[in-house]
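**Student:** One structure coming up, written as structure tokens, with questions to follow.
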Amino acid sequence: MKNADQRTASADDRQRLSGLLSSLAFGDRSALAELYQRTSAKLYGICLQLMPSQSEAEDVLQEVYLTVWRRAATFDPARASPITWLSVVARNKAIDQLRRARLPIADGDSAIEVEDERATAIEMIEERESQGQLGRCLEELDETQRSAIRSAFFNGSSYRQLAESSNVPLGTMKSWIRRALLRLRECLER
């Protein structure tokens, strides 16, 4: 019985983290705060294992959450669990920091390697495919939901701004967006 309860809790945690990453993709700062609260201990542990000091691990952890904030839309629950994706981001950031720290800084004439933050060709192809699928899925939403999602995603509008512009209560707007995100997820998983 205990294992069944643990599997249910694990599935619930996975679903909650996936939802938080989806909300992050639309700029929801409260989702970032909750994601940090739920995952920072594990990610800090990963950083601490790889970095030579606590302060460097803390710096890397900050970079991890900045990256997650910027790249949450690239998370694909079909490819990895949320905690696996977050762990890979943490591990990669720590390794990048270690590589940067080992670069020799000689005289002013030598070039220093700078990490290229741009997406790789494969990431760009995957993103274009995802955008095409996302566009098709957006078309399946009703006009109100589609408009709210586009305003939140493309214009960075907050729930409050969307509610005011649509002349509806804040709770109603949150419900519309939550339902729209659920429908989008279902569509994207097909």
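The values are calculated or read from the model by the stated rules, or taken from the named source; none is laboratory data. On a predicted model such as this, the values are computed, not experimentally measured, just so you know. Cβ coordinates were reconstructed from backbone atoms using ideal geometry, including for glycine residues, and neighbour counts include every protein chain displayed.
**Student:** With the requirement that a residue be within 22 Å of Glu189 (Cα to Cα) and either touching a helix residue (DSSP H, G or I) at 6+ places or on another chain (Cβ under 7 Å) or not assigned by TED's automatic domain parsing to the domain that holds Ala31 (or both), what does segment 51-73 give you?
**Tutor:** Val68, Ala72, Ala73
Residues checked against (1) modelled with pLDDT under 90; (2) more than 29 Å from Leu98 (Cα to Cα):
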residue	(1), (2)
Ala9	yes, yes
Leu17	no, no
Leu21	no, no
Leu24	yes, no
Tyr65	no, no
Trp69	no, no
Phe75	yes, no
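**Student:** Can I ask one more? Please work out which residue is modelled with the highest pLDDT, limiting yourself to segment 77-101 and to residues that are surrounded by 12 or more Cβ atoms within 10 Å (Cβ to Cβ) and not in a helix (DSSP H, G or I).
**Tutor:** Among them, the one singled out is Ser81.
Let's see how each residue does on (1) within 18 Å of the chain's Cα centre (by Cα); (2) part of a helix (DSSP H, G or I); (3) farther than 16 Å from Gln133 by Cβ:
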{"residue": "Arg146", "(1), (2), (3)": "no, yes, no"}
{"residue": "Ile149", "(1), (2), (3)": "yes, yes, no"}
{"residue": "Arg160", "(1), (2), (3)": "no, yes, yes"}
{"residue": "Ser165", "(1), (2), (3)": "no, yes, yes"}
{"residue": "Val168", "(1), (2), (3)": "no, no, yes"}
{"residue": "Met173", "(1), (2), (3)": "no, yes, yes"}
{"residue": "Ile177", "(1), (2), (3)": "yes, yes, yes"}
{"residue": "Leu188", "(1), (2), (3)": "yes, yes, no"}
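**Student:** Among the residues of segment 102-114, are any in contact with a Leu (Cβ under 7 Å, 6 or more places away or on another chain) and either modelled with pLDDT of 85 or more or more than 28 Å from Glu189 (Cβ to Cβ) (or both)?
**Tutor:** There is at least one residue in segment 102-114 that is in contact with a Leu (Cβ under 7 Å, 6 or more places away or on another chain) and either modelled with pLDDT of 85 or more or more than 28 Å from Glu189 (Cβ to Cβ) (or both).
**Student:** Just wondering, is there one or more residues in segment 27-41 that are modelled with pLDDT under 95, at positive phi and either surrounded by 12 or more Cβ atoms within 10 Å (Cβ to Cβ) or more than 13 Å from the chain's Cα centre (by Cα) (or both)?
**Tutor:** Scanning segment 27-41, I find at least one residue that is modelled with pLDDT under 95, at positive phi and either surrounded by 12 or more Cβ atoms within 10 Å (Cβ to Cβ) or more than 13 Å from the chain's Cα centre (by Cα) (or both), so the answer is yes.
**Student:** Also: Go over the candidates Leu66, Leu21 one by one and state the one that is part of a helix (DSSP H, G or I) and surrounded by fewer than 19 Cβ atoms within 10 Å (Cβ to Cβ).
**Tutor:** Result: Leu66 is the single residue among Leu66, Leu21 that is part of a helix (DSSP H, G or I) and surrounded by fewer than 19 Cβ atoms within 10 Å (Cβ to Cβ).
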